[in-house]
1. Kirkwood Rh, Cα Rg: Rg to Rh for region 20-120?
2. Find the lysine pairs in the chain meeting two conditions, Cα atoms under 23 Å apart and a separation of 8 or more places or different chains, and report how many there are.
3. Within the chain, what is the longest stretch that has no trypsin sites (Lys or Arg not before Pro) placed in a DSSP loop and near at most 15 other beta-carbon atoms within 10 Å?
4. For region 134-155 and region 4-76, compute the distance between their C-alpha centroids and round to whole Å.
5. Would you mind working out the magnitude of the charge dipole of the chain relative to its Cα centre, with +1 at each Lys and Arg C-beta and -1 at each Asp and Glu C-beta, to the nearest 20 Debye?
6. Restricting attention to region 69-159, which chymotrypsin sites (Phe, Trp or Tyr not before Pro) occupy a DSSP loop and are surrounded by at most 12 other Cβ atoms within 10 Å?
7. Cut-off 10 angstrom, C-alpha nodes, Gaussian network model of the chain. Which of Ser39, Ser97, Ser68 fluctuates the most?
8. Please list the non-local residues whose amide H lies under 5 Å from the amide H of Leu9, H modeled 1.01 Å from N, same-chain partners needing a gap of 5 or more.
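Every number here is computed from the coordinates shown, using simple stated rules; none is lab data. The model shown is predicted, which means the values in this text are computed figures rather than measured ones. Cβ atoms come from the backbone with ideal geometry, glycine included; neighbour counts cover every protein chain shown.
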Amino acid sequence: MKSVLFVCLGNICRSPAAEGIMRHLAEIHGLEHEIKVDSAGIGNWHVGDLPDPRMRAHGKRHGYLFNSRARQFVAEDFDRFDLIVAMDMENVRDLMSKCRSPYDSAKIVCMADYLRHHPTHKTVPDPYYGGEQGFELVIDLLEDACEGLLESLRKKIRS
């Protein structure tokens, strides 16, 4: 089994959406027993909360269920996950500051690294303070990146 942890700032917009989209894609491709997904936030502001209602509503329109409860990233997540996927470079820096070893830092990647159809985006931007278009953009980016990530994971599962 491969395990992936998606991380954003507060774990109420981008990372739970990535978790829900990846879970959905894994089920569609019959990989739900081979890929474990979860999400976490750098901060603890929203621990226990459902994702932002706007993100849940946009996800629902696209056929996704975003219903995980927010939690804060902990150092032990480096032990529990094969890959830790940050939504932007600030998240990457925050995660790197929590690394205990080079082995930990080798697990951290940026979600935009898996984008295939959005070459101008270098991160998945935080939609929290923006309008409706921001949430739609995030879902579009996450669908693209999750498909790219899933393809990468499928190759590792086969080998």
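1. On the way: Rg = 14.6 Å, Rh = 15.1 Å.
Answer for region 20-120: 0.97.
2. Eligible lysine pairs with Cα atoms under 23 Å apart amount to 15.
3. Details: sites that count: Arg69, Arg100, Arg116, Lys122.
Counting at most 15 other Cβ atoms within 10 Å as exposed, the longest clean stretch of the chain is 1-68.
4. Cα centroid of region 134-155 versus Cα centroid of region 4-76: 13 Å apart.
5. On the way: 21 positive and 24 negative charges, 55 e Å.
The dipole of the chain has a size of about 260 debye.
6. Numbers: sites: Phe73, Phe78, Phe81, Tyr103, Tyr114, Tyr128, Tyr129, Phe135; in loops: Phe73, Phe81, Tyr128, Tyr129.
Those that pass, being in a loop and sparsely packed, are Tyr129.
7. Evaluated over the chain, the most mobile residue of the options is Ser97.
8. Ile42
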